[in-house]
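Trainee: The structure that follows is given in the form of structure tokens.
The values are calculated or read from the model by the stated rules, or taken from the named source; none is laboratory data. Here the structure is a predicted model, which is why all the values come from computation and not from measurement. Neighbour counts run over all protein chains shown; Cβ positions are idealised from the backbone, glycine included.
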Amino acid sequence: MSETWMIIGGWVSAGLTIFLFSFLYKDNPFFKVAEHLYLGAGMGWWFQVYTYNILGPKVWTPLMAHDWMVLIPSILGISLVTQFFPKISWMSRYGFTFLMGYGSGLAIPAGLSTDFLNQIGGTISPFASLHTMSAFSIFNSLLVAVGVVCVLFYFFFSIEHKGSVKKISNVGIYFLMVYFGAAFGNTVMARFSLLYGRFDDLYSFSSQRYFYASQIILAAMAAYFLLHGLLGKKKDSEEAA
Amino acid sequence: MLKEKLQKFFKIDRRWIFLLLAIILFIPIIKPIGLPNKTISKDAQHAYDFMDKLPANSFVLFSLDYDPSTRPELHPQAIAVIRHAFSKNLRVGVVTYIAGATGLIGQIFEKIPQEYKKENGRDYVIFPYMANSVAVLTQMSSDLYGIYDKDQDGKDARTLPVMQGIKTYKDMALVVNITGTSMLDVWVAYVGDKYKVPVIGGVTAISQPGYGPYLQTGQLKGMLGGMKGAAEYESLIKTPGKGTSGIDALNLANLLVLVLILTSNIILLIIRYL
């Protein structure tokens, strides 16, 4: 990529980042522009992805090579679009039927094995080798097993939660709370990482190489808000008079 | 009197907090503080150890499934793990099922291979983006070339030196999936468990706690979580990068949140019981 395009890219990137962050101060037309541009560019991006990565190599090229087999999945795929035309929307059922059958066939055995059987095994298997484990590992395995049982009790709604069942399910709530706390803490950290990423880029675009893009756009935004605030006050005082 | 003054704290315009956070995050970018990152998590250590013990010339398949929205967390992870693979003279294959990842993969392989004198086609190969990951992963179990007959430059994949002896998952020593989506679940369920291929994951900090069960059962051999995971791996390979420099900012920002939570709770207690 040429240097000129790099600089233009830097200005666009810095500008759009600052425009979107400006919403934290208050809503403004620059934010709206960036928001609409994001939606439009996103649509355009996906259109070219589907055209050049799927439609071209997976449908058009094989058809040109007289590989007529691709017509079957293509027709099934096109049948999904008939949803938009009420008179022929029944055709979409064939596409959906195929998707449902194919998806279920792949997902159910894999899900059962990975998320169900293996997890049950993982909870129970440590108890078969307690004699080889350290005290901490035994405690850890017990904690996991107790946690699984208590949380399962919490989500078991076929019996009324009272007496000992209530006590066990209450312990389950504490296990869930620990998980939610860990998940929330990690979420905060992840959001900070993303913010750091944008700031790091803004810092890169503030260099001489990019003709101080970040500083200039930031100053322009500040000037806009200042001017907008001043004009707004003037208008208010005129209306009051 | 004191109560009224303290209650004003809860009416602070939140934009001041945004500004404070922005300043806190910006300071380490302008001037790195160098806060230590001394803790290496067990999962990151396991990931490193597994990769480190692979014999030279083993084939490692990288599935880099993240786009610019999760780049700050996952790009440093990918760079660190790929550096490690190259330093151990492992053969590297790269696939992606996220269209937005192609540019980021290009960024990595523009620079990193040169540092280790690695050549495209001989030491590593980049395959083009493919849609419908589940179908692709299933097909690859019987014949990889049924899906990837050409690399991203259009070269015949079968004839590339890096692909010699590689046809299905059983020829691969390891799969590394770095993703901001649920692709890691797909790799574990459809490849790791089914074909007994070791899988290592790199995920965003948000997703990290959800993968605990897979680590406990050994379905995942190791894992990197968020920017911290990247920093840990950079420490392990002794090559500081964006993950390490980001830790300063993360530590300060987390400290700010902690201070704000503690301050507001203390004020709340004073208001209630004073």
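Trainee: Here is a list: B:Asp156, B:Asp123, B:Asp149. Which entry is more than 26 Å from A:Phe47 (Cα to Cα), assigned by TED's automatic domain parsing to the domain that holds B:Tyr195 and loosely packed, with under 15 Cβ neighbours inside 10 Å?
Mentor: Numbers: B:Asp123 fails: loosely packed, with under 15 Cβ neighbours inside 10 Å; B:Asp149 fails: more than 26 Å from A:Phe47 (Cα to Cα).
Among B:Asp156, B:Asp123, B:Asp149, only B:Asp156 is more than 26 Å from A:Phe47 (Cα to Cα), assigned by TED's automatic domain parsing to the domain that holds B:Tyr195 and loosely packed, with under 15 Cβ neighbours inside 10 Å.
Trainee: Looking at the range A:207-223, which of its residues are under 33 Å from the mean Cα position of the chain (by Cα) and in contact (Cβ under 8 Å) with a residue 40 or more places away in the chain?
Mentor: Matches in the range A:207-223: A:Tyr210, A:Ala213, A:Ser214, A:Ile217, A:Leu218, A:Met221.
Trainee: Would you say A:Ser193 is polar (S, T, N, Q) and over 26 Å from the mean Cα position of the chain (by Cα)? Write out each step before concluding.
Mentor: Numbers: polar (S, T, N, Q): yes; over 26 Å from the mean Cα position of the chain (by Cα): no.
Spelling it out, it is not the case that A:Ser193 is polar (S, T, N, Q) and over 26 Å from the mean Cα position of the chain (by Cα).
Results for (1) surrounded by 11 or more Cβ atoms within 10 Å (Cβ to Cβ); (2) at pLDDT 90 or above; (3) part of a helix (DSSP H, G or I); (4) touching a Ser or Thr at 6+ places or on another chain (Cβ under 7 Å), shown as yes or no for each residue.
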| residue | (1), (2), (3), (4) |
| --- | --- |
| A:Ile75 | yes, yes, yes, no |
| A:Phe96 | yes, yes, yes, no |
| A:Thr114 | yes, yes, yes, no |
| A:Asn118 | yes, yes, yes, yes |
| A:Leu130 | yes, no, yes, no |
| A:Ile138 | yes, yes, yes, no |
| A:Leu143 | yes, yes, yes, no |
| A:Val146 | yes, yes, yes, no |
| A:Val151 | yes, yes, yes, no |
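Trainee: Now for a different question. Scan the range A:170-206 residue by residue and report those that are of a type in the set (D, E, K, R) and without any contact (Cβ under 8 Å) to a residue 24 or more places away in the chain.
Mentor: A:Arg191, A:Asp200
Trainee: Starting from the range B:189-203, keep only residues that are within 12 Å of B:Leu61 (Cβ to Cβ), then list their pairs with residues that are at pLDDT below 95 and part of a strand (DSSP E or B) whose Cβ atoms are within a distance under 9 Å, requiring at least 6 positions of separation or different chains.
Mentor: If the second residue must be at pLDDT below 95 and part of a strand (DSSP E or B), no pairs are left.
Trainee: Of all residues in the range B:91-132, count the ones that are without any contact (Cβ under 8 Å) to a residue 40 or more places away in the chain, within 14 Å of chain A (Cβ to nearest Cβ) and assigned to a loop (DSSP other than H, G, I, E, B).
Mentor: The total comes to 7.
Trainee: Additional query: Those residues that are assigned to a helix (DSSP H, G or I) and either within 7 Å of chain A (Cβ to nearest Cβ) or among the basic types (Lys, Arg) (or both), I need them from the range B:188-222; list them, please.
Mentor: Correct list: B:Val188, B:Ala189, B:Tyr190, B:Asp193, B:Lys194, B:Gln208, B:Pro209, B:Pro213, B:Gln216.
Trainee: If B:Asp153 passes every condition in (1) within 13 Å of chain A (Cβ to nearest Cβ); (2) not in a helix (DSSP H, G or I) but one, which one does it miss?
Mentor: Every listed condition holds for B:Asp153 apart from (1).
Trainee: Sticking with this structure for a sec: What's the total number of residues in the range B:35-68 that are in contact with a Gly (Cβ under 7 Å, 6 or more places away or on another chain), surrounded by fewer than 24 Cβ atoms within 10 Å (Cβ to Cβ) and within 14 Å of chain A (Cβ to nearest Cβ)?
Mentor: Of the residues in the range B:35-68, 3 are in contact with a Gly (Cβ under 7 Å, 6 or more places away or on another chain), surrounded by fewer than 24 Cβ atoms within 10 Å (Cβ to Cβ) and within 14 Å of chain A (Cβ to nearest Cβ).
Trainee: Please pick out the residue among A:Ile159, A:Ile108 that is assigned to a helix (DSSP H, G or I) and exposed (fewer than 13 other Cβ atoms within 10 Å of the Cβ).
Mentor: A:Ile108
Trainee: Also: Would you check which residues across the range A:36-57 are surrounded by 13 or more Cβ atoms within 10 Å (Cβ to Cβ) and modelled with pLDDT of 95 or more and list them?
Mentor: If the condition is that a residue be surrounded by 13 or more Cβ atoms within 10 Å (Cβ to Cβ) and modelled with pLDDT of 95 or more, then A:Leu37 is the only one that fits.
Trainee: Out of curiosity, is A:Thr187 touching an Asp or Glu at 6+ places or on another chain (Cβ under 7 Å) and part of a helix (DSSP H, G or I)?
Mentor: no
Trainee: Among the residues of the range A:197-241, count how many are at negative phi and either assigned to a loop (DSSP other than H, G, I, E, B) or touching a Leu at 6+ places or on another chain (Cβ under 8 Å) (or both). Talk me through it step by step, then tell me what you get.
Mentor: Filtering the range A:197-241 down to residues at negative phi leaves A:197-210, A:213-241.
Next cut, either assigned to a loop (DSSP other than H, G, I, E, B) or touching a Leu at 6+ places or on another chain (Cβ under 8 Å) (or both) only: A:199, A:205-207, A:214, A:241.
So the answer is 6.
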